[in-house]
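See below for the structure under consideration.
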Amino acid sequence: MTVSPKKSNKRNLPQINQNISYPKVRVIDTDGEQLGVMSTRDAVAIASEKELDLVLVSDKADPPVCRVMDYGKYKFEQEKRAREAKKKQHAAEVKEVKMRYQIEEHDYKVRLNQAQRFLKDGDKVKATVMFRGREIQHTNLAKELLERLAGDLEEVAEIQQRPKREGRSMMMMLSPKKAESKSKN
C-alpha cells in the first residue's frame, strides 16, 4: 500500500478543505457574511460549488472559524505582504566614533557630524574615548567629553548605555530617538 504525499505531510499542510479536522465549523462567505455553524463536509461542499477553498482562519474560537476563499490568491497576498514588510525593515548596525579626550574642537565637530549622520540613518553609535599611557588617570575628562557629545546629540539620540570604562578606553552607546518623540517636538 502506498501512502500519498499529502497524507504523510498532513502536519505541514495548511488547514484547507479536507485537511480541516474539526467536525463542526463556523463558515464565513467570500463577502464576509456568516453562513452559520455546519459540518466541515457541508462547508467544503459549499466552497467547491463556488470553485473556491474552505480555509481555517481561527482554530481558537469555539467552533473554529473557516472562510470560503481562493487559497492560492490568499497565500500569494500573505507572501507579498511579508516581502514588503521585510523590505521596510532596517537592521540597526553599531557604528563607532573614536576619539581621545584631548581632541581639538574641529576634530570634535567632525566626530559629532559623523555620529549625527549615523543616527539619522537609524544606526546605533558607540562613542569611544581611547587612553594611551598615563592618560588613563584622566577618566573624568573622558567622561565629560562623552557627556558633552550626548548633550550635543540629544535632539536625535538617546543614551542607551551611560559612559563606562572598559580596559584602556571609555565608551558610551547612543541609539536614535523613536519617531513618536520626534513628532512631539
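The values are calculated or read from the model by the stated rules, or taken from the named source; none is laboratory data. Since this is a predicted model, take the numbers as computed values, not measurements. No Cβ is skipped: glycine too gets one built from the backbone with ideal geometry, and neighbour counts run over all protein chains shown.
The table below gives the values:
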| item | result |
| --- | --- |
| Residue ID - surrounded by the most Cβ atoms within 10 Å (Cβ to Cβ), chosen from residues in region 148-166 that are assigned to a helix (DSSP H, G or I) and not aliphatic (A, V, I, L, M) | ASP152 |
| Residue in region 53-68 that is outside any helix (DSSP H, G or I), closer than 28 Å to HIS138 by Cα and out of contact with any Leu (no Cβ under 8 Å at 6 or more places or on another chain) present | no |
| Residue satisfying all of: in region 167-185; at pLDDT 90 or above, farther than 12 Å from LYS124 by Cα and not in a loop (DSSP other than H, G, I, E, B); farthest from the chain's Cα centre (by Cα) among these | SER169 |
| Residues of region 112-147 satisfying the condition of being surrounded by fewer than 18 Cβ atoms within 10 Å (Cβ to Cβ) and touching a helix residue (DSSP H, G or I) at 6+ places or on another chain (Cβ under 8 Å) | LEU112 |
| Answer residue from region 93-147, given it is part of a helix (DSSP H, G or I) and among the acidic types (Asp, Glu) and is farthest from ALA157 (Cα to Cα) among those | GLU135 |
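Let's see how each residue does on (1) over 31 Å from the mean Cα position of the chain (by Cα); (2) at pLDDT 85 or above:
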{"residue": "LYS7", "(1), (2)": "yes, no"}
{"residue": "PRO23", "(1), (2)": "yes, yes"}
{"residue": "VAL37", "(1), (2)": "yes, yes"}
{"residue": "ILE46", "(1), (2)": "yes, yes"}
{"residue": "ARG67", "(1), (2)": "no, yes"}
{"residue": "TYR71", "(1), (2)": "no, yes"}
{"residue": "ALA82", "(1), (2)": "no, yes"}
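One line per residue, one yes/no per condition, for (1) without any contact (Cβ under 8 Å) to a residue 60 or more places away in the chain; (2) among the acidic types (Asp, Glu); (3) surrounded by 10 or more Cβ atoms within 10 Å (Cβ to Cβ):
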{"position": "PRO64", "(1), (2), (3)": "yes, no, yes"}
{"position": "VAL68", "(1), (2), (3)": "yes, no, yes"}
{"position": "TYR71", "(1), (2), (3)": "yes, no, yes"}
{"position": "GLN89", "(1), (2), (3)": "yes, no, no"}
{"position": "GLU96", "(1), (2), (3)": "yes, yes, yes"}
{"position": "ARG100", "(1), (2), (3)": "yes, no, yes"}
